[in-house]
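Written out below as structure tokens is the structure these notes cover.
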Amino acid sequence: MIQRTTFRVEARPSDIPSKTWQQLLSDSVTTPEGLLRSLGLDPDHWLAGAESGHRLFSIRVPTPYLSRIEYGNPQDPLLRQVLPLADEDHSQPGFIQDPLQERSATQTPGLIRKYRSRALLMVTGQCAINCRYCFRRHFPYAEHRLSARERSDVLDALAADPDINEVILSGGDPLVANDQLLARWAQDLEALPGIRRLRIHTRLPIVIPQRVDAALTDWLSRSRLQTVIVLHINHPREIDASVRSALIRLKSTGATLLNQSVILKGVNDDVDTLASLSEGLFDAGVMPYYLHAFDPVSGAHHFDVSDDRARELVRTLQSRLPGFLVPRLVREIPGEAGKTLLDLEDPAGYRRPQGA
Ligand SMILES: *Cc1c(COP(=O)(O)O)cnc(C)c1O
Ligand code: SF4
């Protein structure tokens, strides 16, 4: 307990009634000009030539994330993840629109079957932040807005398939959906005897930590399903005090927290950053899980890190950290039943997918 002093203290920002996550989401910065200006950077200089990239895939940066970007630093690793560069417009051979071929894996609207025991359920097409490197940036999300009929088709398909024991809520970012809708999915999934685990792949607790509110922790704590939350954090500075406490609240629901990152040039392609990311994750109760080798999505080739460089980084990480803090270096290859582990010692044992 903090002792009350006899002095009157003026209202500080923490005393001002805080905004809900929905308000914070709708208050996001949505233009590159607005983003740069709020960081004291000159839009005329930094946007020269970057005309169409952000029209194809718009900007979205909520203010809690924006507040972690260093003012006046155009090279900031958090800024680099959200700022469209002129490079986005230059197409490159081998960088394609749907590198994971998810379109062909759609089973019934909203339900994607890529893995034997897990099904992906697309609950919303929206994300809380638009990441420039995203492999889903060209995905036709609008197809996945479900009618009541489609919703029951999804449940029927899940009930009919004895192989599936885990449902992965995906998107977009599934936590953009409201808790009423999510709790209803959880309830309906609980009614299916074959389903044991509910997994949520999300970046929202990082982008807007206020998302981890009582409504969310309530239904998560109540579920009979084991819940696994896979966060997506690429840089240690994405975890500030408010994110750390949001993650601790999430973990207190009984959920297992894992993290996946993408290796990105100019963001986290050095060993000090990756090591401090792993340490920061563990401090917040999150286990490092995957480090994704870069997928050749068109418009994002300026983030490309070679597989050899990625291997070297993870080998160095292994020599520095306990094994449980070293993420698995993986790539998702279309048509494979799961992620493909990149062999750290034997580059010949693994080939990049065609076209890359
Ligand atoms: C890899 C991945 C999965 C499947 O994860 P596993 O842990 O390999 O089962 C699900 N959703 C997304 C977005 C992924 O990247
Ligand atoms: S939050 Fe995830 S799905 Fe959404 S744009 Fe970022 S990386 Fe892509």
For the pair Ala105 and Tyr71, what calculated FRET efficiency results from E = 1/(1 + (r/R0)^6), where r is the Cβ-Cβ distance and R0 = 30 Å, to the nearest 0.05? 0.10
Overall Cα dimensions of the stretch 174-307 - principal axes, largest extent first, Å: 45, 32, 22
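Relative to the present Cα-Cα distance, how much length would full extension add between Glu336 and Ala191 at 0.36 nm per residue of separation? List each step's numbers first, then the result.
Working: separation 145, 0.36 × 145 = 52.20 nm, distance 3.01 nm.
Full extension of this stretch gives 49.2 nm more.
Compute the accessible area per residue over the stretch 177-277, keeping the other protein chains in place, probe 1.4 Å, unit Å². Intermediate values should be presented prior to the final figure.
Working: 3780 Å² over 101 residues.
In whole numbers, the stretch 177-277 has 37 Å² accessible per residue.
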Starting from the Cα of Lys114, draw a straight line to each of the lysines and keep only those under 23 Å, dropping any in the same chain fewer than 8 residues away. Lys339
Let me check something: with ligands and nucleic acids excluded, how do Lys251, Lys339 order by accessible area (1.4 Å probe), largest to smallest? Lys251, Lys339
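The values are calculated or read from the model by the stated rules, or taken from the named source; none is laboratory data. The shown structure was predicted, so the numbers you read here are calculated from the model rather than taken from an experiment. Cβ: placed from backbone, ideal geometry, glycine included. Neighbour counts: every protein chain shown. Quick note on the areas: whole protein, heavy atoms, side chains included, nothing else; ligands and nucleic acids left out. Shrake-Rupley method; radii C 1.70, N 1.55, O 1.52, S 1.80 Å.
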